[in-house]
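A.B. asks: Got a structure here, written out as structure tokens. Questions coming.
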Amino acid sequence: MFFPNFIMEDDKTKNQLLRELKELRKRIVEYEESVSDKLTGLHNIRHFLILAEHEYERAHRYERPLSFVTLGIDNLKQVKKIYRTEIVDQVLIAVAERFRMSVRAVDIIGRYRDDVFVLILPEANLTHARKIADRIRKAVSNAPISTDSGLVAIKVSLGVAKITVNTPNLSALMYSADKAMKAAQERGGDRVEVG
């Protein structure tokens, strides 16, 4: 009789562990959804800003290099006029993946707006950040993106800014990079500008 009771208790423990594992998996999915952009899988802007603020404070406190990059898709409006939503989504996913593959593991990428992505580069001076930005530009712009409707050519503009002693906060750093990106777009796009 002792042996069957042991098996029953073991089954209860096993079932309890399975329920807890299922609940843990559910919480992991909920967490990932709360910090990720649903389409691209990159950090959503809310989570990105938390991480970026941490990096800004660290760089500012310890006087370490930090750069910020803003990427804008130059021709997304034209793509939206020509193609249906599913194709635009495929383009955005591909841009995000090319962006992700062009940066270091320590870099933090987020989706800021529909056609704008952001990147924080810890321990990267302006020269290094500009090289990374140009590598991203080439990765996205040099080869058309394969979609269900065929190849779609995409061009991107990037703005780069670095933290200085005169950079009062993360918002100012982001503003400089965004302003540089807009200048790149005004100069014809498919280029990198420094702010």
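The values are calculated or read from the model by the stated rules, or taken from the named source; none is laboratory data. Just so it is clear, the model here is predicted, and its values are computed rather than measured. Every residue, glycine as well, gets a Cβ built from its backbone with ideal geometry; the counts of neighbours run over all protein chains shown.
A.B. asks: Since residue 18 meets every condition but one in (1) modelled with pLDDT of 95 or more; (2) assigned to a helix (DSSP H, G or I), which condition does it not meet?
C.D. replies: (1)
A.B. asks: For the stretch 170-178, state whether one or more residues are under 23 Å from residue 54 (Cβ atoms), in the same structural domain as residue 59 (by TED's automatic domain parsing), among the acidic types (Asp, Glu) and touching a residue at least 60 places away in the same chain (Cβ under 8 Å).
C.D. replies: Yes: one or more hits.
Every residue, every condition in (1) modelled with pLDDT of 95 or more; (2) among the hydrophobic types (A, V, I, L, M, F, W, C); (3) not assigned by TED's automatic domain parsing to the domain that holds residue 188, yes or no:
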| residue | (1), (2), (3) |
| --- | --- |
| 30 | no, no, yes |
| 54 | yes, no, no |
| 74 | yes, no, no |
| 79 | yes, yes, no |
| 87 | yes, yes, no |
| 92 | yes, yes, no |
| 112 | yes, no, no |
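A.B. asks: Follow-up. Might you let me know whether the stretch 117-138 holds any residue that is in contact with a strand residue (DSSP E or B) (Cβ under 6 Å, 6 or more places away or on another chain), surrounded by fewer than 18 Cβ atoms within 10 Å (Cβ to Cβ), assigned by TED's automatic domain parsing to the domain that holds residue 189 and assigned to a loop (DSSP other than H, G, I, E, B)?
C.D. replies: no
A.B. asks: Residue by residue through the stretch 115-137, note down the ones that are over 17 Å from the mean Cα position of the chain (by Cα) and within 16 Å of residue 184 (Cβ to Cβ).
C.D. replies: Answer for the stretch 115-137, where residues must be over 17 Å from the mean Cα position of the chain (by Cα) and within 16 Å of residue 184 (Cβ to Cβ): 126, 130, 131.
A.B. asks: Hey, any hits in the stretch 98-114 for a residue that's over 21 Å from residue 48 (Cα atoms) and part of a strand (DSSP E or B)?
C.D. replies: Taking every residue of the stretch 98-114 in turn, none turns out to be over 21 Å from residue 48 (Cα atoms) and part of a strand (DSSP E or B).
A.B. asks: Here's a check for you: in the stretch 33-45, which residue that is in a helix (DSSP H, G or I) and under 19 Å from residue 92 (Cα atoms) is modelled with the lowest pLDDT?
C.D. replies: The residue in question is 33.
A.B. asks: Now, a different point. Do we have residue 165 as of a type in the set (A, V, I, L, M) and in a loop (DSSP other than H, G, I, E, B) here?
C.D. replies: For residue 165, the condition - of a type in the set (A, V, I, L, M) and in a loop (DSSP other than H, G, I, E, B) - is met.
A.B. asks: Please give the number of the condition residue 189 fails out of (1) at pLDDT below 95; (2) of a type outside the set (Val, Ile, Thr); (3) touching a Lys or Arg at 6+ places or on another chain (Cβ under 7 Å).
C.D. replies: That leaves (1) as the condition not met.
A.B. asks: So is residue 69 closer than 18 Å to residue 156 by Cβ, under 20 Å from the mean Cα position of the chain (by Cα) and assigned to a strand (DSSP E or B) or not?
C.D. replies: Yes; evaluated as a whole, the condition is true for this residue.
A.B. asks: For the condition assigned by TED's automatic domain parsing to the domain that holds residue 51, of a type outside the set (Asp, Glu), surrounded by fewer than 18 Cβ atoms within 10 Å (Cβ to Cβ) and in contact (Cβ under 8 Å) with a residue 12 or more places away in the chain, what is the one hit in 102, 67, 157, 146?
C.D. replies: Checking each option against the conditions leaves just 146.
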